[in-house]
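Visitor: This is the structure I want to talk about, given as structure tokens.
Derivation of every value follows stated rules applied to the coordinates shown; laboratory data play no part. Computed from a predicted model, the values in this text were never measured in an experiment. Note: ideal-geometry Cβ built from the backbone for every residue, glycine included; neighbour counts use all protein chains shown.
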Amino acid sequence: MPSFTLLDARTRKSIALNEFRGQAKAIVITFTGINCPIGNLYVPRLAELASAYARRGVVFLAINSNSHETIDEIGGHAREFAIPFPVLLDPENRIADLYLAERTCETLVLDGNLRLCYRGAIDDQYALGSRRDQPLRNYLVEAIEAVLGRREVAVPTTQVVGCPIDRVDRRARNRLAPVATEVQSLLDQTEPRTEVGAVTYAADVAPILHQKCASCHRPGQVAPFALLTHQDATRWATSIWEVTNDRRMPPWQADPRFGKFANDRSLTPRERAVLLAWVQQDAPLGDLSQAPPPPEFPTGWTIGTPDMVFEVAETYKVKAEGTLPLEHFRVKTHFQQDMWVQAAEARPGDRAVVHHIAVYVDDHARGPGGSALPKRFLTAYAPGDMPAIFPPGVARKIPAGADLAFELHYTPIGQERYDRSAVGLIFSHEAPKHEAIMKTISQRNLRIPPGAKNHPERASWTLPFDAHLFSLAPHMHFRGADFTYTATYPDGRSEVLLFVPRYDFNWQCAYRPIEPKPMPKGTRIDCLAHFDNSAENHANPDPSVYVTWGENTIDEMMIGYTELFIDSPLDVSAPPVRVD
């Protein structure tokens, strides 16, 4: 590989690759970026490897080739993550071009004579939308050991998962065009290509980003970068092109053929075509006076100022790497009387590491045999989703003396972080007319065979009363593949209420019909889910075992959360309606 001389963003000193020729036994070069989520996850791993291999003559270097990241930003990131080796600034991405690097996390291993011996991923722990607790293959370690042992690397190239390097010449993105053509040829069978002509940020792109992306892509939210301005958008144009082209973003899993939903985040065919065309046309600005102002979002709580806030009692430390089991916390309400909730919002203490929150009401109710009755769902948080705001005249009951049970799932991001999550409640200030209930249509007798690629599970529920449906939320774990709700009405008609063809555990979406949907007494709701317990499923913790029901993510669940309100007048003095 050709040598280079670049500036270390930490020390502002020049580092030349030739310094290590004949001195180091191996040289590891990793392309990095300060806002790449997967790249940040690998920083602790690279630091550990650099420390472990230093005594064996292995040198580690990082190169940041992103055109939009400054030396101050790169140096600050290196200090924040305590990166112990040089982090080199690659002006105008010359070295990335020279070395044919396309993504952050792309790693090269050179021998002492600067001969390229390996190019690819650090390991196989992380993939798009999934992660393992530990890698199955440590490609970088295998390559280093082979070079130190003067052997050829057994697997000299692997596929890299990371963020596209943002180049100065954005026309370089057109190198992705062959991939785009291949993908689009498949999509054209169901969705013809939309031609949009010349587009600009001001007139065409800003309205889309503000409406469909900014709720997450703004400061203090779950997305790793903002998309509120032209500068933001041009910085991330390469990534916008990629995630738009393969339909990863915005996150919305519902098949558009079934149901219309008030919180639909998906792009229309024209919106998708506009974003792709804008990037391929080199991200033109246009007349900025035509651009809408950046959207304004409520500060603090989305539901407004809560009447009462309950916070978990203890701060939880989130480790830097790997996966974590579900964590549970209990908070006493000390309510002296029954309370009716009109809106509820679960709020993370640190959105960067909170994957989702579910909050339940435990009123300590007992069944006829004295056994505890299940807790009742109150509200949830997931990235990009909205809090529970019930229709006018509808509320959910929290009985006197009840506790709130928090269920939290954390996702490490490469640093130790600390979280203390909370839930805010707004109470109904007049007697509600209808009670909001949550029915969990579930199959708890799960037994998913080892290696099963498309294993089906079913569950059904028949409504014992007239009601209106206002929310659907399928829930599975890492092996969940797809989920379908179907309603069969008393007159024999049936319709698909919701079909999620590509379930993604990372986005726990609730789907809210534009208007509450009438559900006459006797309507049967059928839920059908498929699970992928094969080795082809990267997120699968272990494809060799039978999988059964369990709260931890290495186990499985099959739940069709279904929110309704009962049509009949409400007796506020009666116990909460239970349909489990």
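Visitor: With n ≥ 4 as the cut-off for DSSP H runs, can you work out [θ] at 222 nm for the chain, using -39500 (n - 2.57) per run divided by the number of residues, rounded to the nearest 500? Spell out each step's value before the answer.
Guide: Details: 9 runs with 88 residues, N = 580.
The per-residue figure over the chain is -4500 deg cm²/dmol.
Visitor: Under the definition of Cα pairs under 8 Å and six or more residues apart, what whole-number percent is the relative contact order of the chain? The partial results should precede the final answer.
Guide: Numbers: 1302 pairs, mean separation 73.6, N = 580.
Answer for the chain is 13 percent.
Visitor: If Lys and Arg each add +1 and Asp and Glu each add -1, what is the summed charge of the other residues whose beta carbon sits under 13 Å from the beta carbon of Phe4?
Guide: Details: positive: Arg21, Arg94; negative: Asp8, Glu19, Asp90, Glu92, Asp97.
Computed value for this residue: -3.
Visitor: Kindly list the residues of segment 49-82 that lie in the label zone of Glu145, defined by a backbone N under 20 Å from the point 7 Å along the Cα-to-C-beta vector.
Guide: Residues 49-60 fall inside that zone.
Visitor: Where a ≥ b ≥ c are the square roots of the eigenvalues of the C-alpha gyration tensor, would you call segment 84-133 rounded, which needs a/c under 1.5, or, failing that, prolate if a/b is larger than b/c, or oblate? Present the calculation step by step, with values, prior to reporting the outcome.
Guide: Values: a/c = 1.94, a/b = 1.47, b/c = 1.32.
Because a/c hits 1.5 or more and a/b exceeds b/c, segment 84-133 counts as prolate.
Visitor: Tell me, what ³J(HN,Hα) does each residue in segment 84-93 have, in order and in whole Hz, if you take phi through Karplus 6.51 cos²θ - 1.76 cosθ + 1.60 with θ = phi - 60° and put x for Gly and Pro?
Guide: For segment 84-93, the Karplus curve yields x, 10, x, 10, 9, 8, 10, x, 6, 6 Hz.
Visitor: Would you mind ranking Ser428, Ser3, Ser421 so that the residue whose beta carbon has the fewest other beta carbons within 10 Å leads the list?
Guide: Values: Ser428 20, Ser3 11, Ser421 24.
Lowest count first: Ser3, Ser428, Ser421.
Visitor: Whole angstrom only: what separates the Cα centroid of segment 555-580 from the Cα centroid of segment 428-489?
Guide: So the two Cα centres are separated by 12 Å.
Visitor: Evaluate the Kirkwood expression for the hydrodynamic radius of segment 13-169, namely the inverse of the mean inverse distance over all pairs of different C-alpha atoms, and round to one decimal in Å. Before the final figure, lay out the partial values.
Guide: Values: mean 1/r = 0.0638 Å⁻¹.
Evaluated over segment 13-169, this radius sits at 15.7 Å.
Visitor: Which entries in Lys317/Lys439; Lys453/Lys517; Lys332/Lys375; Lys319/Lys439 show an alpha-carbon gap greater than 23 Å? Can you show the working numbers first?
Guide: Values: Lys317/Lys439 33 Å; Lys453/Lys517 34 Å; Lys332/Lys375 14 Å; Lys319/Lys439 34 Å.
Table pairs above 23 Å Cα-Cα are Lys317/Lys439; Lys453/Lys517; Lys319/Lys439.
Visitor: Still on this structure, I have one more. Could you tell me whether segment 298-432 comes out rounded, prolate or oblate from its Cα gyration tensor? Rule is a ≥ b ≥ c as square roots of the eigenvalues, rounded for a/c under 1.5, then prolate if a/b exceeds b/c, otherwise oblate. Mind dumping the intermediate values first?
Guide: Values: a/c = 2.27, a/b = 1.40, b/c = 1.63.
It is oblate, given that a/c is not under 1.5 and a/b is not larger than b/c.
Visitor: I've got another one for you. Using the Karplus curve 6.51 cos²θ - 1.76 cosθ + 1.60 with θ = phi - 60°, work out ³J(HN,Hα) for each residue of segment 433-448 in order, rounded to whole Hz, and write x for Gly and Pro.
Guide: 8, 9, 9, 7, 10, 10, 9, 9, 8, 10, 10, 8, 8, 6, 8, 8
Visitor: Whole-Hz Karplus ³J(HN,Hα) for segment 222-234, in order, using 6.51 cos²θ - 1.76 cosθ + 1.60 and θ = phi - 60°, x for Gly and Pro?
Guide: Values per residue, Gly and Pro as x: 6, 5, x, 7, 8, 9, 9, 10, 4, 4, 4, 5, 5 Hz.
Visitor: Report the relative contact order of segment 28-136, percent, no decimals, based on alpha-carbon pairs under 8 angstrom and at least 6 residues apart. Let's see the in-between values first.
Guide: Values: 147 pairs, mean separation 31.8, N = 109.
That works out to 29 percent.
Visitor: Quick one: Cα centre-to-centre distance for segment 357-407 and segment 1-35, in angstrom?
Guide: When both Cα centres are located, 55 Å separates them.
Visitor: Strictly under 4.7 angstrom between C-beta atoms: which cysteines of the chain have no such partner?
Guide: Cys105, Cys117, Cys213, Cys216, Cys509, Cys527
Visitor: Next question, about the same structure. Compute the longest continuous run of the chain that contains no exposed GluC sites (Glu not before Pro); treat a site as exposed when its DSSP state is not H, G, I, E or B and it has at most 13 other Cβ atoms within 10 Å.
Guide: On the way: sites that count: Glu152, Glu195, Glu296, Glu314, Glu416, Glu430, Glu536, Glu551.
The segment 1-151 is the longest one with no such site.
Visitor: Something else about it: From the gyration tensor of the Cα coordinates in the chain, what semi-axes in whole Å does the equivalent ellipsoid have, largest first, with each one equal to sqrt(5λ)? Provide the component values of the computation, followed by the final result.
Guide: Numbers: eigenvalues 425, 146, 113 Å².
Working through the eigenvalues yields semi-axes of 46, 27, 24 Å.
Visitor: If you don't mind, there's one more thing I want to ask. Can you list the trypsin sites (Lys or Arg not before Pro) in segment 460-547 that are in a DSSP coil and have 16 or fewer other beta carbons within 10 angstrom?
Guide: Details: sites: Arg479, Arg493, Arg502, Lys521, Arg524; in loops: Arg479, Arg493, Arg502, Lys521.
In loop regions of segment 460-547 (DSSP not H, G, I, E or B), the sparsely surrounded trypsin sites (Lys or Arg not before Pro) are Arg493, Arg502, Lys521.
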